[in-house]
Amino acid sequence: MNLEQVEGGQSNPTFFVSYENRSVVLRKQPSLEILPSAHAVDREFRILTALEKSDVPVPRALVFHGERNVVGTPFYIMERIEGRVIRDSSLSSVPRSERYEIYLAMGEMMARLHKVDWKAIGLEGYGRPGNFFERQLARWTKQWNLSKVRQNPDLDRLIVWLAGNLPITEETTICHGDFRLGNLIFHPTEPCVIGVLDWELSTLGHPLADVAFNCIAYHTLPSEYGGLLGLDLVNLGIPLEQDYLNYYNQLVGRNDGVTAFHFAFALFRMAVIFEGITARARAGNAAAENAATVGNLALVFSRRALDIVDAS
């Protein structure tokens, strides 16, 4: 047996476990103290199991172990899907002729997820329908207060603005919570998604939360967690943001779309996540070696969110 930690994650430690005739993936909680409701690997296992009954491709969940007597924390094991994981939003490693189709495949998979009948696949109780943004704002504000190891005035101002501009909607779908290129597995040679990974932040919620988060790269610089802002997208062969959004809206039949609130909320949530990474780095409990550097992006993302707010 060979054990190899997967690089690039900032949350639940992930390992490839390889045998002579088979390879699987192990996901576990971090070993030290964690915030309440964070790193819920049992929820990941549940939604992977449920989505096997849908047309959203996910690794097959094999076993969940909720005790600490094997690897020190609860963990689960899933099958490993062989394919391409593309983390660079500019798709520099992908032939230009495929780039547009890669983005459309990502948008199509997001639309497919949001059309899943979550009741039919057994996800009753996986989240609370309705008032999603109000509850999420309360949750992430609490996370910020619990993990705070420094001041971030922009983040505090952002919380006040978001609270005063909450949209009222009862629309409910499965929300991935971290739907981005790096959490998709693409076919080895074709521009199509064959697996969706990292369901840690998934819940029942509003689909536009996923859409806005998925488009964060359009609003951040390449130096800011690999964004697209300032790049010549036409020359790169990547869809313009509005074209990409129009494609998603057409697939799900939406007449409305993301607003300044949705983008500001997505950036706010990422800023809180980055602040949590900062706290874990200072405590010596971060999953990635570059956690301290990544954590500083909390200040950048808070500022980007306020730029959107001020422009609106």
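Rule-based calculations on the coordinates, nothing more; no lab input. All values derive from a computational prediction rather than experimental measurement. Note that each Cβ is placed from the backbone with ideal geometry, even for glycine, and that neighbours are counted across all protein chains shown.
The modelled label-to-label distance for the pair L240/V63, using points 7 Å beyond Cα in the direction of Cβ, is 5.4 nm. By the Kirkwood approach, averaging reciprocal distances over each pair of separate Cα atoms, region 125-262 gets a hydrodynamic radius of 17.0 Å.
Only one residue of V149, L197, A217 has its Cα farthest out toward the positive end of the dipole of the chain, where Lys and Arg carry +1 and Asp and Glu -1 on Cβ, and that residue is V149. For region 123-128, backbone phi angles converted through the Karplus equation (6.51, -1.76, 1.60; θ = phi - 60°) give residue-by-residue couplings of 9, 4, x, 6, x, 9 Hz, Gly and Pro being listed as x.
Computing FRET efficiency as 1/(1 + (r/R0)^6) for R84 and V160, where r is the C-beta to C-beta distance and R0 is 51 Å, gives about 0.75. Among the lysines, which have Cα under 26 Å from the Cα of K53 when same-chain residues fewer than 8 positions away are ignored? Once the sequence-local lysines are set aside, what remains near K53 is K28, K115, K119. Partner aspartates and glutamates whose Cα lies under 17 Å from the Cα of K148, excluding those fewer than 8 positions away in the same chain, are identified as E33, D156, E275.
Just to be sure I understand the curve: with the Debye formula and one point per C-alpha of region 2-79, what is log10 I(q)/I(0) at q = 0.18 Å⁻¹? Treating every Cα as an identical point scatterer, log10 I(q)/I(0) equals -0.78. Of T189, T141, T169, the residue with the greatest mean-square motion in the GNM of the chain, using alpha carbon springs below 10 Å, is T189. Computed from the C-alpha gyration tensor, the three semi-axes of the ellipsoid equivalent to the chain are 27, 24, 21 Å, from longest to shortest. Spacing of the modelled spin labels on D55 and K119, each 7 Å from Cα toward Cβ, amounts to 2.1 nm.
With the convex hull constructed from alpha-carbon coordinates only, region 78-206 shows a mean projected area of 10.6 nm² over all directions.
Computed over the chain with a Gaussian network model linking Cα atoms closer than 10 Å, the most mobile of H219, H65, H176 is H65.
Taking neighbour counts of Cβ atoms within 10 Å as a proxy for exposure, in what order, fewest first, do K119, K28 appear? Present the calculation step by step, with values, prior to reporting the outcome.
Values: K119 11, K28 21.
Ordered from fewest to most neighbouring Cβ atoms within 10 Å, K119, K28 come out as K119, K28.
Distance between the modelled labels on R150 and Y247, one decimal in nanometres: 3.7 nm (7 Å Cα→Cβ projection). Using a Gaussian network model on the chain with a 10 Å cutoff between Cα atoms, which of I47, I121, I273 fluctuates the most? Looking only at I47, I121, I273, the biggest GNM fluctuation is shown by I121. Suppose a student asked you for the relative contact order of the chain, using Cα pairs under 8 Å spaced at least 6 residues apart; what percent would you report? Rounded, it is 20 percent for the chain.
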